Amino acid sequence: MMIPPTTEHLEIALNTSAGQIATAVEVPTGFVPVTAIVPLIRRFGEEAQALEVARSVEAGQPPSCHKGCAACCRMLVPLSAPEAFALGEWVRSRPTDQQERIAARLVETKSRLLSQGLWARLSELCNAPEQPSDDALEVVNREYYALRLPCPFLEEEVCTIYEARPAACRELLVSSPPECCDDLINNPVDPISVPILVSTVLGLLWQELTKSPTRLIPLPVALDWANGHEQENQQTWKGVELLDRALDKTWRFLSQSMSRSGQDSVN
Ligand code: SF4
Ligand code: SF4
């Protein structure tokens with residue numbers, strides 16, 4: 001008896017500010033949770049970013065980022081809700097000893113943030129009924145960064161969740177000298193452009209699916225948030241429908257960012 005295929009093969013082409021990406025994807029044919037779409041959208045983001053990096057290399061400005069260079073891992077990393085759920089699933093799939101190490105580091109980070117009065121504020125940011133304003137986010141970002149608190153997933157200056165790290169971490173590449181990143185507020189750094197902001201796309205998708213605000217969840221509280229909202233992650237959609245909706249958000253993002261950069265180059 002033939003076993004029906006569980007995925008559908010699709011070829012997707014996207015025009016980004018760095019050039020066209022053409023990607024073959026396997027989309028689940030059945031009903032899947034929103035986390036199933038996260039790796040696909042990340043792939044689009046990474047392929048577009050690879051084009052941007054190639055342009056930067058050609059212009060004589062290769063990325064300075066390398067393994068063990070982690071001054072940037074003291075910044076507050078925002079995740080979309082689908083990424084927070086995906087990270088929770090990834091952590092639960094790890095061997096027990098790794099899960100225990102992660103839990104211990106998260107407890108340590110929580111205690112430090114509690115002592116600075118920041119834990120409650122980070123939790124409020126991702127549970128507020130409205131999306132907080134950019135100004136409110138900036139204030140918290142600066143206070144958090146002033147602590148120079150290593151990311152709870154950083155061990156000996158190496159990311160321990162590299163394959164599952166948030167899109168915001170994947171997207172931060174600079175061509176300026178690494179030492180400039182010791183003070184990202186006062187030093188000039190040259191970031192390499194990001195054609196597709198994956199967390200923004202996934203945040204917009206989540207907003208549409210759940211009729212909730214486009215939440216950006218700070219990494220230190222992301223697993224707590226995902227545990228507390230696990231019920232919302234039980235909902236499923238047809239894989240192709242999820243991809244369609246996610247592509248719609250990606251196209252909108254790309255067309256807005258390309259029309260903004262067109263305006264910038266005119267002004
Ligand atoms: S952004 Fe800066 S600190 Fe982070 S890896 Fe790149 S060069 Fe190093
Ligand atoms: S998740 Fe990894 S890459 Fe991102 S801030 Fe933490 S240690 Fe750095």
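The values are calculated or read from the model by the stated rules, or taken from the named source; none is laboratory data. These figures come from a predicted structure and were not determined experimentally. Here the Cβ positions follow ideal geometry from the backbone for every residue, glycine too, while neighbour counts run over all protein chains shown. Just the protein is used for accessible areas: all its heavy atoms, side chains included, with ligands, DNA and RNA removed. Shrake-Rupley method; radii C 1.70, N 1.55, O 1.52, S 1.80 Å.
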What helix-only [θ] at 222 nm does the chain give? Using -39500 (n - 2.57) per DSSP H run of at least 4, over all residues, to the nearest 500, the answer is -16000 deg cm²/dmol
Expected vector for the range 195-211, Karplus 3J(HN,Hα) from phi with 6.51, -1.76, 1.60 and θ = phi - 60°, integer Hz, x for Gly and Pro, equals x, 10, 7, 4, 5, 5, 4, 5, x, 5, 4, 4, 4, 5, 5, 10, 6
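What does the net charge come to around LEU10 if you take all other residues with beta carbon closer than 12 Å to its beta carbon, with K and R at +1 and D and E at -1? Present the calculation step by step, with values, prior to reporting the outcome.
Details: positive: none; negative: GLU8, GLU11, GLU26, ASP244.
Around LEU10, the charge tally is -4.
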Note, TRP251: beta-carbon cut-off 14 Å, +1 each Lys/Arg, -1 each Asp/Glu, net 0
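Considering only protein heavy atoms, what per residue accessible area in square angstrom results for the range 1-116 with a 1.4 angstrom probe? Show your work: numbers first, answer last.
Working: 6240 Å² over 116 residues.
It amounts to 54 Å² per residue over the range 1-116.
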Short to long, in 5 Å steps from zero, the percent of alpha-carbon pairs of the range 92-242 per bin is 1, 7, 13, 19, 21, 18, 13, 5, 2, 0
Carbon plus sulfur, as percent of the 1.4 Å-probe accessible area of the range 7-266, comes to 53 percent
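Grab the eigenvalues of the alpha-carbon gyration tensor for the chain, scale each by 5, take roots, and send me the semi-axes largest first in whole angstrom. Numbers along the way, then the final one.
Working: eigenvalues 158, 132, 70 Å².
With the √(5λ) rule applied to the chain, the semi-axes are 28, 26, 19 Å.
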Exposed-loop cut sites defined as trypsin sites (Lys or Arg not before Pro) in DSSP loop states with at most 10 other Cβ within 10 angstrom; longest site-free run of the chain spans 68-210
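How charged is the neighbourhood of ARG55? Take every other residue with its Cβ under 14 Å from the Cβ of ARG55, and add Lys/Arg as +1 and Asp/Glu as -1. Display every interim value, and only then the final one.
Working: positive: none; negative: GLU47, GLU52, GLU58, ASP190.
That sum, taken over residues with Cβ under 14 Å, equals -4.
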For the chain, cysteines with no other Cys Cβ under 4.7 Å from their own Cβ are listed as CYS65, CYS69, CYS72, CYS126, CYS159, CYS169, CYS180, CYS181
